[in-house]
Amino acid sequence: MLVIRNDCNRHMGIDFGGRRLGIAFSDLSATIASAFKVYESRGEEKDISYLQSLALERDVKKVVFGLPLNADGTESEQTLKTKAFAQKFADKTGIEIALEDERFTSMEAEELLKEAKMNWKERKKVLDMVAAEIILQNYLNKIKKGVK
């Protein structure tokens, strides 16, 4: 049974890649992001359905997609793919979306995992979900500061 909580302000963060999607969730107050899992892509429609089911299970109010910009801030082919996927997700689910600059989040995630003494094989398994956590936490921090 799905229980809808009126006091919930949970967000979901997505690091959208070609083969894998990193997923993170905030706490109920949308203050702290936590890595959740790496999802292996199964095609656009199945991916959207899966993400929708996760969002509904957790009563997510907003989904924050990492926006992969070039280092100089310009858009790339992956930027356009991400925007298109995020818009299709919003159109199909009716869930509000946001786009958060994800430049350097993979490098930041990589450094955190190196500090945790994980070898490359271990890091590769969790890198995308840690990047999703960083993307979501950056977004939540801006919200708390009134930036967005």
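A compact table of results
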{"item": "Test: residue in region 12-19 that is among the basic types (Lys, Arg), surrounded by 15 or more Cβ atoms within 10 Å (Cβ to Cβ) and under 22 Å from ALA109 (Cβ atoms)", "result": "no"}
{"item": "Residue among ALA24, ALA90, ALA86 that is in contact with a Gly (Cβ under 6 Å, 6 or more places away or on another chain), of a type outside the set (Val, Ile, Thr) and at pLDDT 95 or above", "result": "ALA24"}
{"item": "Contacts under 9 angstrom Cβ, first residue in region 83-95 being of a type in the set (S, T, N, Q), partner open to solvent by less than 70 Å² (accessible area, probe 1.4 Å) and not in a helix (DSSP H, G or I), 6 or more apart", "result": "GLN87/ILE97; THR93/VAL63"}
{"item": "Residue list for region 50-95, restricted to those being within 21 Å of LYS37 (Cα to Cα) and open to solvent by 60 Å² or more (accessible area, probe 1.4 Å)", "result": "LEU56, GLU57, LYS61"}
{"item": "Selected residue (criterion: nearest to LEU80 (Cα to Cα)) from residues of region 30-47 that are open to solvent by 60 Å² or more (accessible area, probe 1.4 Å) and free of Cβ contacts under 8 Å to residues at least 60 places away in the same chain", "result": "GLU44"}
{"item": "Boolean, ALA116 is over 18 Å from GLY18 (Cβ atoms), free of Cβ contacts under 8 Å to residues at least 12 places away in the same chain and hydrophobic (A, V, I, L, M, F, W, C)", "result": "yes"}
{"item": "Matching residues, region 98-124, being modelled with pLDDT of 70 or more, open to solvent by 90 Å² or more (accessible area, probe 1.4 Å) and more than 16 Å from the chain's Cα centre (by Cα)", "result": "GLU111, GLU115, LYS117, LYS121, LYS124"}
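The values are calculated or read from the model by the stated rules, or taken from the named source; none is laboratory data. Quick caveat: nothing in here was measured; it's all calculated off a predicted structure. A quick note on method: Cβ atoms are made from the backbone with ideal geometry, for glycine too, and the neighbour counts reach across all protein chains shown. Side chains included, ligands, DNA and RNA excluded: accessible areas come from the protein's heavy atoms. Shrake-Rupley method; radii C 1.70, N 1.55, O 1.52, S 1.80 Å.
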